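Below you'll find the structure, written out as structure tokens, and then a few comments.
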Amino acid sequence: MSRTAVQWLAKPRLPDDHYVASSIYTNETIFQEEREKIFAHTWKFICHESELPKPGDFRTAEHVGKPILVVRDPEGMVQTFYNACPHRGAKLVHEPRGNARNFTCFFHLWSFNTQGECIEMTAPKGFDECGLTPKDCGLRKVKTALKYGMVFINLDDQAEDFDAHVGDIMDTIAEPLGTVPLEVFHIHRVVINCNWKQWHETNMEAYHEWGHVVNRTTGIVAEGYNDMEWVIHPNAHATIKPPKPLEIKYDNYKGFDKRDAKPLPGLTGSEFRVVDLFPNTTVILRATTARIDTCIPVAPGITILEQRGLGILGESAEDRAERVKHHNQYWGPMGRNISEDVLFVEAVNATNRQRTSEYGLLARRQGGKGQDDEVIRAYYRTWGRIMGRMASDPLNPAAV
């Protein structure tokens with residue numbers, strides 16, 4: 001039956017971790033705390049190492065509002081620094097990507113090498129009296145880790161190592177992504193009118209596959225689909241584990257073909273795998289293609305989504321064309337799933353920001369199977385532990 005205003009605004013009669021208040025998506029204070037308490041201290045995917053194939057190759061990015069510089073040094077190591085000159089704080093590198101032996105600040109022409117060392121101070125004698133030397137003026141280094149070609153950074157020097165942080169949750173993608181060299185063939189950036197968590201929820205919530213015409217035609221009908229199980233790490237990372245490779249019926253959808261010609265290593269032509277990493281990175285594999293999602297929070301209701309498509313380095317033009325086709329059918333800018341996912345989260349955000357809807361339900365229980373909401377409940381329990389707030393009552397810290 002329909003509900004009155006009082007009934008609509010009442011807290012759901014559910015356990016506290018079975019629903020979230022819409023204010024976790026819209027409140028500015030919560031958003032700023034997430035930057036300080038979560039993003040400044042957790043591991044964040046920043047790029048793929050194939051984007052830095054040669055010494056001197058660099059990419060710039062932004063994380064927690066801070067400009068970041070990622071570069072491959074002469075030893076072949078991937079290094080990460082704050083993209084800021086230590087002299088007066090000017091942004092050091094302005095190009096999105098390129099190759100450089102050294103980086104020179106355009107303000108006062110101080111220069112730095114790709115290992116973050118200051119190698120030149122303009123008119124250095126002026127600093128003799130105070131005793132300042134290039135050795136005192138290196139760039140601020142950022143903790144960096146590589147895993148299966150993916151580059152992760154952490155702004156907290158005291159953070160636990162990446163492997164300890166994620167445990168074995170990424171083992172499911174070790175063979176497809178770690179046994180042959182891969183490269184990024186597609187980077188897509190889109191501004192979404194939603195909170196960053198709303199996007200990441202779609203990558204955990206298999207129940208929303210019913211919203212995709214393609215998924216309910218090809219995947220949900222596959223034998224064993226309902227037997228998939230979530231494996232959840234204590235830090236809220238997760239992977240979905242089918243009891244056996246699913247025979248996804250790609251050719252059930254008009255215009256789609258089977259994918260058994262050139263699957264990624266260790267995958268069957270019908271298989272898919274997914275790994276969700278807290279706070280907001282997801283790796284999804286579909287037989288022949290791989291996709292890496294990561295979000296850049298801009299404001300409570302504005303998120304930049306970055307998606308990368310991966311192929312096998314050095315494969316033939318014919319194989320690459322087929323791989324790109326398969327990628328774009330689902331995930332390209334004109335693909336079915338990505339455009340639908342954006343519509344889903346923007347529709348939720350539209351009601352949240354006007355307080356038309358007060359709560360979102362995370363109440364599905366299916367014994368940890370694929371469409372069980374336990375994976376999202378675990379995510380928000382970790383979110384709450386770090387934030388010192390309950391997702392069901394986030395504006396009341398005393399509720400914790």
Going through K258, K262 one at a time, which residue ends up being free of Cβ contacts under 8 Å to residues at least 24 places away in the same chain, more than 22 Å from N154 (Cα to Cα) and not in a strand (DSSP E or B)? K258
When you scan segment 187-201, how many residues do you find that are crowded, with 18+ Cβ neighbours inside 10 Å and modelled with pLDDT under 95? 0
State all residues of segment 9-30 that are part of a helix (DSSP H, G or I) and more than 22 Å from E201 (Cβ to Cβ); if no residue qualifies, say none. L9
Of everything in segment 333-360, what is in contact with a helix residue (DSSP H, G or I) (Cβ under 7 Å, 6 or more places away or on another chain) and either touching a residue at least 12 places away in the same chain (Cβ under 8 Å) or within 15 Å of N203 (Cβ to Cβ) (or both)? Give them in sequence order. R336, N337, E340, D341, F344, V345, V348, N349, N352, R353, S357, E358
Take the conditions outside any strand (DSSP E or B), at pLDDT 95 or above, within 23 Å of the chain's Cα centre (by Cα) and surrounded by 17 or more Cβ atoms within 10 Å (Cβ to Cβ) and apply them to R385. Does it pass? no
I'd like the residue in segment 313-327 that is without any contact (Cβ under 8 Å) to a residue 12 or more places away in the chain and not charged (D, E, K, R) and, out of all such residues, is surrounded by the fewest Cβ atoms within 10 Å (Cβ to Cβ). A317
In segment 39-84, anything basic (K, R) and either under 24 Å from V166 (Cα atoms) or part of a strand (DSSP E or B) (or both) is listed as K44, R59, K66, R72
Would a scan of segment 132-152 turn up a residue that is at pLDDT 95 or above, surrounded by fewer than 16 Cβ atoms within 10 Å (Cβ to Cβ) and among the small types (G, A, S)? no
Please go through (1) more than 29 Å from I192 (Cα to Cα); (2) touching a residue at least 40 places away in the same chain (Cβ under 8 Å) for A238 and return the number of the only condition it doesn't satisfy. (1)
Going by the conditions given, is A378 buried (at least 23 other Cβ atoms within 10 Å of the Cβ), over 30 Å from E49 (Cα atoms) and not hydroxyl-bearing (S, T, Y)? no
Inside segment 213-256, can you point out the residues that are in contact with a Leu (Cβ under 6 Å, 6 or more places away or on another chain) and over 19 Å from T268 (Cβ atoms)? H237
Expected single match for surrounded by 15 or more Cβ atoms within 10 Å (Cβ to Cβ) and either in contact with a strand residue (DSSP E or B) (Cβ under 7 Å, 6 or more places away or on another chain) or not assigned by TED's automatic domain parsing to the domain that holds I187 (or both) among E75, E36, E49 is E49
Some residue of segment 273-294 being among the acidic types (D, E) and under 13 Å from T218 (Cβ atoms): no
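The values are calculated or read from the model by the stated rules, or taken from the named source; none is laboratory data. Only a predicted model underlies this, so the values are computations on that prediction, with no experimental measurement involved. With ideal geometry, Cβ positions are generated from the backbone for all residues, glycine too; neighbour counts draw on all protein chains shown.
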